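The values are calculated or read from the model by the stated rules, or taken from the named source; none is laboratory data. Note that the coordinates shown come from a computational prediction; the quantities given were computed from them, not determined experimentally. No Cβ is skipped: glycine too gets one built from the backbone with ideal geometry, and neighbour counts run over all protein chains shown.
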Amino acid sequence: MSLLRNIADGLRSLFRKERVSQDLDGELNGFLEMAAEEKINQGMSRADALRAVRLERGSPEVTKEVVRSAGWESVVETLWQDLRHGQRVLRKSPGFASVAVLTLALGIGATTAIFSIVNAVLLRPLAMEDPSHVVFVQETWRDIFPGLSVGNFADLKRQSTSFADLCASNDASFNLEARELPERVDGEIATANYFTTFGVQPIAGRVFTTEEDKPGQPKVVVISERLWRTKLHADPSIIGQPMRINGLPTTVVGIMPRSFDPLLSRSDLWVPAAYTAEKLADHDNHYLNVIARLKSGTSHAQAQSELNVIARVQQRQYPIDDENRGFRLQPLTTALLGDQRVGLRMMLAAVGFLLLIACANIANLQLARSRTRQKEIAMRAALGASPNRIVRQLLAENVVLGLAGAVVGVLLAYWTVAWIIAHGPAEMPRLDQSRIDARTLVFACALALLSSFLFGLAPAFRSASTRLSEVFQSSSGISGGSRDHIRSLLVVGEVSLALILMAGAGLLIRSALLVAHLNPGFDTSNVVVGRVGLPDPGYHDPALARQTFERMITATAALPGVNSVAVVSRAPLAGGGSSNGLLREGKPLDMANLVNSQLQIISPSYLSTARVPLRAGRDFTLQDTRDRTLVTIVNETLARTMWPGEKPIGKRFACCEAGPKGRMDPVWHEVVGVVADVRAWGLDRQVQPEFYIPLAQMPASAWDWIGRTMDLVVRTRGGAVPIRELQSTVASVAPAVPIYRLSTMQQKISSTLERSHFDTFLLAIFASTALLLSSVGIYGVLSYMVAQRTRDIGLRMALGASQAQIVWDVLGFGVRLAGIGLAVGLAAALAATRLLSSLLYGVRPTDAVTFAAVSFILLVVALIASYLPARRATRVDPLVALRYE
Amino acid sequence: MADKSSDLVQGTLDMLILRTVALEPMHGYGIALRIEQMSKGVFRVNAGSLFVALQRLQRAGLIRSEWKATENSRRAKYYVLTEPGRKRLTSEKREWGRQVAAIARILEAS
């Protein structure tokens, strides 16, 4: 209570200063008057009485001052005075102030912008109930982490006790016929407890029930708020209405809020998994995303060890499918955002360095200024200001600088964030949610205060400790030695930080250049790719599905401007794929002998349309049908892996399907051709073993694996991409079936490189800014040194030193500073760039060429920065210099 | 008035003020005068320490103030003891008594 009164009273004196002051005046005057009156009554004259009272009780002015400075509010008031004084001082040196504010704004702006992205992408909790208890379960097999098989998921759900909830989903896309044109929509096939696991409620309607998550039930769907608003005109009566999904009437039962995107997959609808008994017994196909919520009180390690026990049981139970298979448990946050950490932390470190360099530069400027302000400060000290008060005042000046820098910096950050959202990599989850919010503002303010102390403390203490006598004696200009040491140290620090940034940027640039010159393995020019998915009910018959795609190829090939057309189950750079274990003929049927390889189902025209070079053997022909010998074409990596040192043509391997005698009956495919490696997962990814089988020979069940979805690959004669024509051609062959993700091959390539180019671009900008700032630092120190030593230089010239000698002296000093910074920076960079290794392709983090190049650039810039002051030194006129005093 | 006046023992002014306004609401000069009279001129209160102490006590909620007319029809700020102030005075008096007794024992022990 009394604390509140204290604050309220203090605030009153702060903000209603006049009123409070009048009050005190009145009271004090009354006091003195009454005291005087008493003396007058005793016979004194009025004037004498007033004088006596003043002597006895103290003068009213002093008393007022004493009373006023007794409350806490007086501290606030001095602080305010200091800040206003600081602002006035800065206004008097606008050159210094604007350079310092801009430098600082650059540092604070960059740091704040990157922080707001880190905040949105990494720090903000996932939009679900208590995300710390939600874990992501994967299988572990050899060195990969596939999804779970439905069978393994069912066993896990039955046997585990660590989880309050365990659910599964898999990504899928759907042909949606709602109001207008058919569209392809991304969604998930999920178990009924999917929503409760995340603890998120629908904004309208309900989620599906356990009953609806069983085979043979009427079809229901939960849609996203985004889909509801963008495609369904936010129709409130949509709940209970049917819409056609994959050609089947499906009832909308609920709408999930916009924020519900638990796996960051931008799903727009969810349909029940309704696993059949057959699926529940399937331990062979590993594709489920499994998410669980830990029981409260169950630790991560406990859950993991329970999973290990279950995995061992399964290995015995299903020796073929689950041999060497285990489970891996990860916090969902790590599973979803772990990939983003390296890059974003690198950015944050980079902007942190930039801010430090900016601070060092301002500290340098302040040190130079403190020299010229020595007399002013000495005068203040002489007039009775305590060192404490002087430090406080100088710090206040720096805080004003810092806050001004923060204001400009936040503006800068605001634009930067907008730019990054617009141009940043689309694949980075939650990037679009970055904004300057309360948290980032607090961060920026903290940065401003921290940096104003960083660059302000040393100069302030130095100034406050100057002795009056020194100042007025040493006006002659022999520079204070230790002061130059600090300044040199700051420059060395700047240079080494800049070098670390430059080394990082250099490595990324070199890596990007190497990637850009990689051969993708096929001719990417004038190729357009789009996906087409045939709905299961209408096109269940494998023959019908195949004929539909073949008709689509023929119809598209007839379009004007089209050279040739093909279909492929996954076009290069389209993402995803289907991995298969191949058994080389002659090896015993054992899991350990399987070679993992990517399957591509292609029409016979594919390799010639994509222009994948044939290295040996022949291409597929129309004669390679199901009733002939099953044939395959392999890429060079698979040929090398499976038959090292042998000619693969005519060799056989088993894969993809079982013979009539059951699961262990191999079906052999004969290699008829070898093609060049295609970098199908991105230019900077390693090529995997890959094999092609002709569309006409694919097993019927393969239509289910690939979801009756294929990429239509069109080679045009150049010119505009015939989007309209392609859409209408596909629709004319398969009504209500859309073609989606339509883009040129080159667009697909650049979108896979988007992320690494973005990292490279930003780091390059930061590094060049750092280089610029530190060269300004070198320039500043040397110019200051030359100005300070004008007399020495003049003297030496008078004694016969040549201009070249003077130039060499100054240059030498600058280069020495840069050299020391370079050495320190190189050592630090060698340690730091190792953290980048996961972002680099084909370059080692200690790449000598890069390090040599950035060192060279840095030295050249340092030389230029030193040359300007050096030249100024030679223009010193000995006579003028000696008269300088 | 006695010529030799002493400075107050550190921290006792607050207690003396509370004691003084415990009798009746009083203005600043009245308080100073009363302390001087009751101490028979041993203590002299200067305006600075008095008003700082009054501000402190008021902010601590031990006294409150209001502007009123004096008997000479001058306007002055009168200070009134509050309930927490009364409690504080009682406890301070008790503590003071204990301390004085203790100090006396130490001084007479030799």
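Here are the numbers for this structure:
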{"read-out": "Hey, B:Arg75 loosely packed, with under 14 Cβ neighbours inside 10 Å, within 12 Å of chain A (Cβ to nearest Cβ) and either under 25 Å from A:Gly71 (Cα atoms) or of a type outside the set (S, T, N, Q) (or both) or not", "value": "yes"}
{"read-out": "Criterion: crowded, with 24+ Cβ neighbours inside 10 Å, charged (D, E, K, R) and touching a residue at least 60 places away in the same chain (Cβ under 8 Å) - qualifying residue of A:Glu494, A:Glu550", "value": "A:Glu494"}
{"read-out": "A:Ser13 being hydroxyl-bearing (Ser, Thr, Tyr), surrounded by 13 or more Cβ atoms within 10 Å (Cβ to Cβ), touching a residue at least 12 places away in the same chain (Cβ under 8 Å) and assigned by TED's automatic domain parsing to the domain that holds A:Leu365", "value": "no"}
{"read-out": "Any chance A:Gly577 is out of contact with any Pro (no Cβ under 7 Å at 6 or more places or on another chain), part of a loop (DSSP other than H, G, I, E, B), touching a residue at least 12 places away in the same chain (Cβ under 8 Å) and under 22 Å from A:Gln598 (Cβ atoms)", "value": "yes"}
{"read-out": "The stretch A:207-234 residues that are more than 18 Å from A:Pro182 (Cα to Cα), paired with ones that are among the aliphatic types (A, V, I, L, M) and assigned to a helix (DSSP H, G or I) (beta carbon under 9 Å, 6 or more apart)", "value": "A:Pro215/A:Ala277"}
{"read-out": "Odd one out for A:Phe761, checked against (1) modelled with pLDDT of 85 or more; (2) surrounded by 20 or more Cβ atoms within 10 Å (Cβ to Cβ)", "value": "(2)"}
{"read-out": "Tally of residues being among the basic types (Lys, Arg), in contact with a strand residue (DSSP E or B) (Cβ under 7 Å, 6 or more places away or on another chain) and either within 20 Å of A:Met745 (Cβ to Cβ) or in a loop (DSSP other than H, G, I, E, B) (or both) across the stretch A:596-638", "value": "1"}
{"read-out": "Residue count, the stretch B:68-110 (criterion: at pLDDT below 90, within 22 Å of the chain's Cα centre (by Cα), of a type in the set (S, T, N, Q) and under 30 Å from A:Ser13 (Cβ atoms))", "value": "1"}
{"read-out": "Filtered residues of the stretch B:40-67 (kept if more than 9 Å from chain A (Cβ to nearest Cβ) and modelled with pLDDT under 85)", "value": "B:Gly41, B:Val42, B:Phe43"}
{"read-out": "Considering residues of the stretch A:43-78 that are away from every other protein chain (no Cβ under 11 Å) and within 15 Å of A:Gly10 (Cα to Cα) only, the residue surrounded by the fewest Cβ atoms within 10 Å (Cβ to Cβ)", "value": "A:Val75"}
{"read-out": "Among the residues listed as A:Ile7, A:Ile40, the single one being out of contact with any helix residue (DSSP H, G or I) (no Cβ under 8 Å at 6 or more places or on another chain), of a type in the set (A, V, I, L, M) and surrounded by 13 or more Cβ atoms within 10 Å (Cβ to Cβ)", "value": "A:Ile7"}
{"read-out": "Pairs with Cβ under 7 Å, 6+ apart, first in the stretch A:644-655 and surrounded by 10 or more Cβ atoms within 10 Å (Cβ to Cβ), second in a loop (DSSP other than H, G, I, E, B)", "value": "A:Lys651/A:Glu585; A:Lys651/A:Trp643; A:Arg652/A:Glu585; A:Phe653/A:Glu585"}
{"read-out": "Residue within the stretch A:182-201 that is surrounded by fewer than 19 Cβ atoms within 10 Å (Cβ to Cβ) and part of a helix (DSSP H, G or I) present", "value": "yes"}
{"read-out": "Residues located in the stretch A:561-577, provided they are at pLDDT below 90 and surrounded by fewer than 17 Cβ atoms within 10 Å (Cβ to Cβ)", "value": "A:Gly561, A:Gly575, A:Gly576, A:Gly577"}
{"read-out": "Residue ID - nearest to the other protein chains (Cβ to nearest Cβ), chosen from residues in the stretch B:20-39 that are under 10 Å from the mean Cα position of the chain (by Cα) and among the small types (Gly, Ala, Ser)", "value": "B:Ala32"}
{"read-out": "Hey, A:Ala378 more than 23 Å from the chain's Cα centre (by Cα) and part of a helix (DSSP H, G or I) or not", "value": "yes"}
{"read-out": "Pick from the stretch B:86-97, criterion more than 11 Å from every other protein chain (Cβ to nearest Cβ) and in contact (Cβ under 8 Å) with a residue 12 or more places away in the chain, ranking: surrounded by the most Cβ atoms within 10 Å (Cβ to Cβ)", "value": "B:Leu89"}
{"read-out": "Enumeration of residues in the stretch A:219-233 that are at pLDDT 90 or above and either outside the structural domain of A:Val185 (by TED's automatic domain parsing) or not charged (D, E, K, R) (or both)", "value": "A:Val220, A:Val221, A:Val222, A:Ile223, A:Ser224, A:Leu227, A:Trp228"}
{"read-out": "Index of the failed condition, A:Val675 passing every other in (1) modelled with pLDDT under 90; (2) surrounded by 21 or more Cβ atoms within 10 Å (Cβ to Cβ); (3) not aromatic (Phe, Trp, Tyr)", "value": "(1)"}
{"read-out": "One residue from A:Ala458, A:Ala438, A:Ala505 being among the aliphatic types (A, V, I, L, M) and modelled with pLDDT of 90 or more", "value": "A:Ala505"}
{"read-out": "Residue satisfying all of: in the stretch A:643-666; aliphatic (A, V, I, L, M) and touching a Leu at 6+ places or on another chain (Cβ under 7 Å); farthest from A:Tyr841 (Cα to Cα) among these", "value": "A:Met664"}
{"read-out": "Residue, surrounded by the fewest Cβ atoms within 10 Å (Cβ to Cβ), within the stretch A:438-452, restricted to residues that are among the small types (Gly, Ala, Ser) and either closer than 17 Å to A:Phe353 by Cα or outside the structural domain of A:Thr111 (by TED's automatic domain parsing) (or both)", "value": "A:Ala446"}
{"read-out": "Failed condition for A:Leu28, given (1) surrounded by fewer than 13 Cβ atoms within 10 Å (Cβ to Cβ); (2) within 11 Å of chain B (Cβ to nearest Cβ)", "value": "(1)"}
{"read-out": "Any hit, the stretch A:17-24, residues being closer than 30 Å to A:Asp261 by Cα, more than 14 Å from chain B (Cβ to nearest Cβ) and out of contact with any strand residue (DSSP E or B) (no Cβ under 6 Å at 6 or more places or on another chain)", "value": "no"}
